[in-house]
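Peer 1: Sharing a structure below in C-alpha cells format, with a few things to ask.
Please treat every number below as a calculation from the coordinates, not as lab data. Note that this is a predicted model, so its numbers are computed, not measured. Cβ: placed from backbone, ideal geometry, glycine included. Neighbour counts: every protein chain shown.
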C-alpha cells in the first residue's frame, strides 16, 4: 500500500509539491490523487502538466479522493483553516512555512492533529540542505563549543512581492515569507527556545509601487541558552541581482565558527538575455534518467517527499510517536511563529517582546 497524496494550492511553490509527488508516483512509492485551487487557469495548467485531477473546492477533493495526506501550499493566512479542514477529516497534513501567523492558530492546529492522531508536518526545507545538516550535526556534537551568537540573511529580488504575490504581499512581510526559514533553522541548530525579540523595519520601495508592505525587517533574537542572533530579511533586491534569493548564515561558538553562503555556491553564468545568474542546484535540479524521463532532485524536493515517506511508514503499521524528532512538527512551527509574532509586535510598538516559555 502506498500513500495517496493531494495538494491544496497549485501556484509557484505548489508546483514543487506536484513535482515531488508525481516523481514518487512514477517510482511506485505514492499516488497523486488531486489538486485543489480557486484559480481555474491554474487548475487547467497543472492538469495539462501533471495529469492530475483538479477541484475548485478542497473539501470536495478530500471527500471524493480520500487522500492519506495533503500538502498545503497557500498564502500564510489560509494555513490554519485549511489544515484543520483536512485534519478533522482524518487526513495527515504537510503545510508550508509558517505553520500559522498566530500563536493561537499554531496551537489549534497542533491540538486538532493530536486529537485525531495525525501527522502535522511543516515544510522547513532549510533543514534538508546538506550544508545546514552538517552545521546542525557539528553544533550538536559540540565542535564549536557553546553557541554564543550568529547572523543570518535571506533576501529576494523585488519580483517576488511585485510580480509573484502583489495582492497578498501586504498581508505578509519579508519576516513571514523569508525570516521564518532562518528562525526555524537557528532554533533547530542550537536546540534552544526563543526568549526575547526586538525588530525594526522600513517601508519605502514597495510603498512607492502601491504595495503596503515592509521592504526589510531586521530581527534580533535572544534564546534561553543565552545565544543571540540577528536575522536580516528583505525582498526588494534589484531586478538585475544575479539570483532570486541571496542567503546565508554564520554561527559563532566558544570553540569555533561555521559560515555558509547559500547563494554563492560556485555556479555562475551570464546570458545576453538574462544577464548574470547563479545556480542553487542543491535546492532544485531537473535532469533526465536513462529512459528520458524527467527527474527532480534537491532539498526543495526532498523535504516534501519526506512527508510521503512518513505517511508510508504510518499507513503500513508504524506509530506516530516513533517518528518524533525526525521531522519538523507543530512545536517547531510554534517556535518559528513565536519569533515572527514577537518581531511584528516589536515593529508595531518599538519595544522588545518577551516570548512565553515552551
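Peer 1: Restricting to DSSP H runs of at least four residues, report the calculated mean residue ellipticity at 222 nm for the chain, -39500 (n - 2.57) per run over all residues, nearest 500 deg cm²/dmol. Don't skip to the answer; put the middle values down first.
Peer 2: Working: 10 runs with 118 residues, N = 358.
After summing the helix terms and dividing by residue count, I get -10000 deg cm²/dmol.
Peer 1: OK, next. Could you work out how far apart the two model spin labels at residue 255 and residue 230 are, taking each label as a point 7 Å from the Cα in the direction of the beta carbon, and quote it in nm?
Peer 2: 2.8 nm
Peer 1: Full extension from residue 191 to residue 288: what is 0.36 nm times the residue separation minus their Cα-Cα distance, to one decimal in nm? Spell out each step's value before the answer.
Peer 2: Details: separation 97, 0.36 × 97 = 34.92 nm, distance 3.91 nm.
That pair, residue 191 and residue 288, stretches by 31.0 nm at full extension.
Peer 1: Could I ask something else about it? What is the order of 239, 156, fewest Cβ neighbours within 10 Å to most? Show your work: numbers first, answer last.
Peer 2: Values: 239 10, 156 22.
Placing the least packed residue first, the sequence is 239, 156.
Peer 1: Over 10 Å intervals from 0, what percent of Cα-Cα pairs in region 129-224 sits in each interval?
Peer 2: Using 10 Å bins, I get a P(r) of 14, 40, 27, 16, 3 for region 129-224.
Peer 1: Something else about it: For Cα pairs less than 8 Å apart in space and 6+ apart in sequence, what is the mean separation divided by the residue count of region 253-350, i.e. the relative contact order in percent?
Peer 2: That works out to 12 percent.
Peer 1: If each of residue 324 and residue 38 carries a label point 7 Å out from its Cα toward its Cβ, how far apart are those two points in nm?
Peer 2: Result: 3.8 nm between the two label points.
Peer 1: Report, to two decimal places, the Cα Rg of region 291-331 normalised by 2.2 N^0.38 Å (N = number of residues).
Peer 2: Against the empirical 2.2 N^0.38 Å value, I get 1.46 for region 291-331.
Peer 1: May I pose another question? GNM on the chain, C-alpha springs below 10 Å: top fluctuator among 341, 38, 15?
Peer 2: Top of the fluctuation ranking is 38.
Peer 1: Using label points projected 7 Å from each Cα along Cα→Cβ, tell me how many nm separate residue 27 and residue 49, to one decimal.
Peer 2: It is 2.1 nm.
Peer 1: What is the extension gain from residue 151 to residue 115, computed as 0.36 nm multiplied by their sequence separation minus the C-alpha to C-alpha distance, in nm to one decimal? Numbers along the way, then the final one.
Peer 2: Working: separation 36, 0.36 × 36 = 12.96 nm, distance 3.82 nm.
The span from residue 151 to residue 115 would gain 9.1 nm if fully extended.
Peer 1: Springs between alpha-carbon atoms under 10 Å, Gaussian network over the chain: tell me which of 290, 115, 66 tops the mean-square fluctuations.
Peer 2: Greatest mean-square fluctuation among the candidates belongs to 290.
Peer 1: Here is a further query. In square nanometres, what is one fourth of the surface area of the convex hull spanned by the alpha carbons of region 1-132?
Peer 2: Numbers: hull surface 33.5 nm².
Value for region 1-132: 8.4 nm².
Peer 1: Can you give the extra length, in nm with one decimal, that the chain gains between residue 12 and residue 89 once fully stretched, where that is 0.36 nm per residue apart less the Cα-Cα distance? Present the calculation step by step, with values, prior to reporting the outcome.
Peer 2: Values: separation 77, 0.36 × 77 = 27.72 nm, distance 2.66 nm.
Full-extension gain reported as 25.1 nm.
Peer 1: Separate question: Rg and Dmax of the chain, Cα atoms, in Å?
Peer 2: In Å, with Rg to one decimal and Dmax whole: 20.0, 59.
Peer 1: Calculate the radius of gyration of the Cα atoms of region 266-358 to one decimal place, then report Dmax, the largest Cα-Cα distance, as a whole number, both in Å.
Peer 2: 20.8, 59
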